[in-house]
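Nothing in this text is a laboratory measurement; each read-out follows from the coordinates by a stated rule. Computed from a predicted model, the values in this text were never measured in an experiment. With ideal geometry, Cβ positions are generated from the backbone for all residues, glycine too; neighbour counts draw on all protein chains shown.
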Amino acid sequence: MRDELHYRIALTLIPQVGDVVAKELLRRFGTARDIFTAQKKLLESIPGVGTQRAAAIRAFNAFHLADAEIAFMGKNGVQPLFYTDPLYPRRLQHCYDSPVMLYAKGHMDLQAEKILGVVGTRTPTAYGHAICEQFIAAFAAHHITIVSGMAYGIDITAHKAALAQGLPTVGVLAHGLDKLYPAAHYHAAQQMLENGGLLTDFCSGTKLGKQNFPRRNRIVAGLCDATLVIESGIKGGSLITADIACGYNRDVMAVPGRIGDARSAGCLELVRHNKAALVTGPEDVLEMLNWRPAAPKNAAPVVQSRLFNQLGPGQQQVVAVLGGGNHMHIDEIQYRSGIPQQQIPGVLLQLEMEGLVRAMPGNTYQLIHT
């Protein structure tokens, strides 16, 4: 008798059924099991499914692969994180093409308050290495989780610098958790399992291919509040990650380099096309993301209770959500407040007019204490 986990893994293995279609199916049927038991005509009626995908679902008979994956997870301490699970990263839930299933290993908090992606070229200069280490050393006092892709160059420098500073660090892989590429980073990966860990949307046994890396990059972009690019050529994975982060309405920052330096060309291009903010030091990052330490609670101003009570229910919900002081993306405000999506822009506009909320870059908002 198969349980829901078997069907969830199997859903990710159906040919032609990607994450976007899988989510549409889940919205309609509620559980993965019900998708596999649905009639073909009903499947065909779901937006994005059609005849071929419906036939692929009905014909799926590779449940032994799901059995093998469950056995692998049990043997190796891997935790499955399904799209509808409470532990699934909330930031990724807001991304339309985020993975339906993630596989995690280690001790990581994917709901941490501050998560920063750090990416860059696989062949950095000594300057790039030093800048990466200096930035992350400055972040140590701010309890920031560092995310990168375990690749050569800036990626592994970021992971190692985070380990050295005692910061949690998460490596997102372009393959299953049965291997590590590149193998030279095995020791660092083992250390990361104690304070952070490894994350992927690929099953064990997946062959490593070029097509895997953009999938990996979208997780890095969606998992983080912002992405910092430290040295990048005019093409490559770092720019793909930055583009995806822009598409998700996440902040992107780039460290400038010398004009004419091939390994700074990508950063300069991001800035030139207004895809990234130029940052010259860690303080710029902290300032842009409003990640400076909050004032002591007994000294922090608060919204006057009289004014709060004069607000409508929806406005009160938004003020309560924003009460922590950090700026927050409009999608997360909607998610946390429970206000219907079509109503949230109007509520925020009313609060702006009342002088209670400030619009910030990147479609984010911050409470103005009075």
Checklist entry - Between rounded, prolate and oblate, where does the stretch 111-156 land on the alpha carbon gyration tensor, with a ≥ b ≥ c its root eigenvalues, rounded for a/c under 1.5, else prolate if a/b exceeds b/c? => result oblate
Item to check | DSSP beta bridge pairing in the chain, given as percent antiparallel to the nearest 5 | outcome: 40
Item to check | Stretchable slack from HIS64 to GLN93, in nm (0.36 nm times residue separation minus alpha-carbon distance) | outcome: 7.6 nm
Checklist entry - Between ALA277 and residues 5 or more places away or on another chain, which pairs have amide H atoms under 5 Å apart, with H built 1.01 Å from N, and which residues are they? => result VAL252, MET253, ALA254
Checklist outcome for this item: HN-Hα couplings for the stretch 11-26 via Karplus (6.51, -1.76, 1.60; θ = phi - 60°), in whole Hz with x for Gly/Pro, come out as 4, 7, 9, 6, x, 6, 9, x, 5, 5, 5, 4, 5, 5, 5, 5
Checklist entry - Picking from MET73, MET101, MET360, which is most flexible by a Gaussian network model of the chain using Cα springs under 10 Å? => result MET360
Next on the checklist: Taking 0.36 nm per residue of sequence separation and subtracting the Cα-Cα distance, how much length would be gained by fully extending the chain between ARG272 and ALA138, in nm to one decimal?
Outcome noted: 45.6 nm
Next on the checklist: For LYS75, give me every one of the lysines with a C-alpha distance below 20 angstrom, ignoring sequence neighbours fewer than eight places off in its own chain.
Outcome noted: LYS105, LYS179
Checklist entry - Once you put a point 7 Å from the Cα of LEU193 and another 7 Å from the Cα of ALA320, both along the Cβ direction, what distance in nm separates them? => result 4.2
Checklist entry - Which of LYS40/LYS207; LYS210/LYS235; LYS235/LYS275; LYS40/LYS210 have a Cα-Cα distance over 26 Å? => result LYS40/LYS207; LYS40/LYS210
Item to check | Estimated dipole of the stretch 138-293 in Debye, rounded to 20 [Cβ of Lys and Arg +1, of Asp and Glu -1, Cα centre] | outcome: 480
Checklist entry - In terms of modelled amide H atoms, which long-range or inter-chain residues lie less than 5 Å from the amide H of MET360? => result TYR365, GLN366
Item to check | Residue-averaged 222 nm ellipticity for the chain, from DSSP H runs of 4+ at -39500 (n - 2.57), nearest 500 | outcome: -12500 deg cm²/dmol
Checklist outcome for this item: Residue by residue through the stretch 109-118, the couplings from Karplus 6.51 cos²θ - 1.76 cosθ + 1.60 with θ = phi - 60°, in Hz, x for Gly and Pro, are 10, 7, 10, 3, 5, 10, 10, 10, x, 10
Next on the checklist: Just to verify a number: FRET efficiency for ASP284 and ASP178, C-beta to C-beta distance, R0 = 45 Å, to 0.05?
Outcome noted: 0.65
Checklist entry - Using θ = phi - 60° and the Karplus curve 6.51 cos²θ - 1.76 cosθ + 1.60, what whole-Hz ³J(HN,Hα) does each residue of the stretch 203-217 get, with Gly and Pro shown as x? => result 5, 4, x, 5, 6, 6, x, 4, 5, 6, 5, x, 5, 4, 5
Checklist entry - With each pseudo-label sitting 7 Å past Cα toward Cβ, what's the ASP85-GLN341 distance in nm, one decimal? => result 2.4
Checklist entry - Which entry in [x] 52; [y] 55; [z] 65 is this structure's computed percent of Cα pairs over 26 Å apart? => result [y]
Checklist outcome for this item: Counting sequence-distant residues (5 or more places) and residues on other chains, those with an amide H built under 5 Å from that of CYS95 are none
